[in-house]
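The values are calculated or read from the model by the stated rules, or taken from the named source; none is laboratory data. From a predicted model like this one, the values you see are computed outputs, not experimental measurements. Heads up, the Cβs are rebuilt from the backbone with ideal geometry, glycines too, and the neighbour counts pull from every protein chain shown. Accessible surface is based on the protein model in full, side chains and every heavy atom, while ligands, DNA and RNA are left aside. Shrake-Rupley method; radii C 1.70, N 1.55, O 1.52, S 1.80 Å.
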Amino acid sequence: MDKMKPQEKEMKSTDEIAKKLADNIRLLEEKMGLNKSFDVIMREMIFGGKKTGIFYLNGLVKDEVLTEIIKRLTYIETDQLGGKPLQQFMDAFVSYIQVTKVDKMSEVISKVLGGATALFCENETSALLIDAKNFPVRAVKEPDLERVVRGAHDGFVETMLINVTLVRRRIRDPRLKLEALQVGERTQTDVCIAYIQDIADPNLVESIRDKIKSVKVDGIPLGEKQLEEAIINKGWNPYPSVRFSERPDVISSHLLEGHIAIFVDTSPCVMIMPTTFFHLVQHVEENRQTPLVGSYLRWVRFIGIFVSIFLLPLWYLMVIHPELKPAGLEWIGPQMAGHLPILLQFIFAEIGVDLMRIAAVHTPSPLSTAMGLVAAILIGDIAVKTGMFANEVILYLAVSTIGMYATPSYELGLANRLLRLVLLIVSGIFSVPGFIIACTLWVLMLAITRSYNSPYLWPFIPFNAKALIEILIRRPFLSMKTRLSLTKPIDNKRQ
């Protein structure tokens, strides 16, 4: 016997599509705010003698497509429809390629909120879903953070369908799988897991899929960043556990290496998993040049990142401990000390640079030049001339800041900036022992960090000579015959 609880019976009944169009309208008024929200529309019409209702959200549908569909339906004669008009609409009269038939009102509401159009018919317990979406979208253009001199200049936008299409254009492989999920009870944000079936580790794919499905939140309006924190839960570690990219060629290259890419609707950034520290310091520009030039650019970038972290703390230690200066570098140190202690000069200057960076983000473009002049002349120059800051402090801080901006990963650059500030403070308080201990703890922290069970410092820790050579040197394309072992690819042969 059926012992279903009254609440369960009520839920089941409200999820069914009623035969009467008026009952469906009342249900949509209750659940969707029909006739209350101005963008929720139910267009009642009669086609072939059958009363129908076209339900959609104004602004999310293609007006031209729906107009053509309605125009086609108005030509239906009464004698053309039999006992199953909805099925006949789908088979013969709705002239659109993406049409499905559903039996649940919850599915209708979910799809309409995603941009589809629902077609109800009197005396039918099903509805047709016409997937004629029209999301607001900006033009495809090169991302600001990943520019290249030569190469493709297209980048991801805020519409997931366009983003996966840009990748499909580059990887015309039927084994490229794009699994769609939804996250967020209220936002119902579309998420896509992309991988190549015969390359990616199936255990990794299943783990990421289960993690995303287990996220129980009301929504992720900030897109990929909130999803990253929800599935990784790494706490207060400032170093990024995933790599973000807005370039389709970068995502395609990582997919061919066995990585997993996660697309989030409304976000132009795509997550790459797993990720190591050395993935975050590589740039697509290196692979757009000859191997020798690419290797040179890669080493220049490595040096810039190293300088951005260690230049200021080491210079400060050699100033307060002149005996640490190597032979021939006795000239290191301020020729004229400022009124403030050097450590305070560095801290104030670091905070000032961050403040200017934040201001630059929020300053309108026509005023950005004026703000740069104020920062460079009225603040920097006058601060030195009045004796508050030493010339060398401004010089070395500028060099370190350039090294930070040369870091390809914006998130990694900010994490290294925090590390530099910590090393400065520890060096000022505990001198050389404090600097050494802080550096050791930093390496240990990175060594125990994992990105989906992948060592963060791989291939340095654990050591893998072959992979380390590929990271340090941009090898010729045809010499790279196998994929790196980090992702445990099923097919490890590139050629």
- Query: Dipole magnitude of the range 121-171 about its Cα centre, charges +1 at Lys/Arg Cβ and -1 at Asp/Glu Cβ only, in debye to the nearest 20?
  - Reply: 460 debye
- Task: Check the range 43-194 and count each lysine pair with an alpha-carbon distance under 12 angstrom, considering only pairs eight or more places apart or from different chains.
- Result: 4
- Message: Rounded, prolate or oblate for the range 282-364? Axes are the square roots of the Cα gyration tensor eigenvalues, ordered a ≥ b ≥ c, and the cut-off for rounded is a/c under 1.5.
- Response: oblate
- Using a 1.4 Å probe over the heavy atoms of the protein chains, calculate the carbon and sulfur portion of the accessible area of the chain as a whole percent. 62 percent
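Among rounded, prolate and oblate, which fits the range 131-209 when a ≥ b ≥ c are the square roots of the eigenvalues of its C-alpha gyration tensor, a/c under 1.5 means rounded, and a/b larger than b/c means prolate?
oblate
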- To the nearest Å², the heavy-atom accessible area per residue of the range 385-495 with 1.4 Å probe amounts to 53 Å²
- Most positive-pole-ward Cα, Met356, Cys192, Pro221, against dipole of the chain from beta carbon charges: Cys192
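Which trypsin sites (Lys or Arg not before Pro) in the range 25-84 pass both tests, a DSSP loop state and at most 12 other beta-carbon atoms within 10 Å?
Within the range 25-84, the qualifying trypsin sites (Lys or Arg not before Pro) (loop, at most 12 other Cβ atoms within 10 Å) are Lys36.
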- With +1 on each Lys and Arg Cβ and -1 on each Asp and Glu Cβ, and nothing else charged, work out how big the dipole of the range 74-232 is about its Cα centre, in Debye to the nearest 20. 480 debye
- Which shape class, rounded, prolate or oblate, goes with the range 7-139 when its Cα gyration tensor gives a ≥ b ≥ c as root eigenvalues, a/c under 1.5 marks rounded, and past that a/b bigger than b/c marks prolate? oblate
- Query: Dipole of the chain, Cα-centred, from +1 at each Lys and Arg C-beta and -1 at each Asp and Glu C-beta, to the nearest 20 debye?
  - Reply: 940 debye
- Note on the structure: With DSSP loop assignment and no more than 14 other C-beta atoms within 10 Å, the chymotrypsin sites (Phe, Trp or Tyr not before Pro) in the range 307-347 are Trp331
- Query: With θ set to phi - 60° and the Karplus curve 6.51 cos²θ - 1.76 cosθ + 1.60, what are the ³J(HN,Hα) couplings of the range 281-293 in order, to the nearest whole Hz, using x for Gly and Pro?
  - Reply: 10, 9, 9, 5, 4, 4, 8, 8, 10, 5, x, 5, 5
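Just flag the GluC sites (Glu not before Pro) in the range 282-349 sitting in loop per DSSP whose Cβ has no more than 13 other Cβ atoms within 10 Å.
In loop regions of the range 282-349 (DSSP not H, G, I, E or B), the sparsely surrounded GluC sites (Glu not before Pro) are Glu330.
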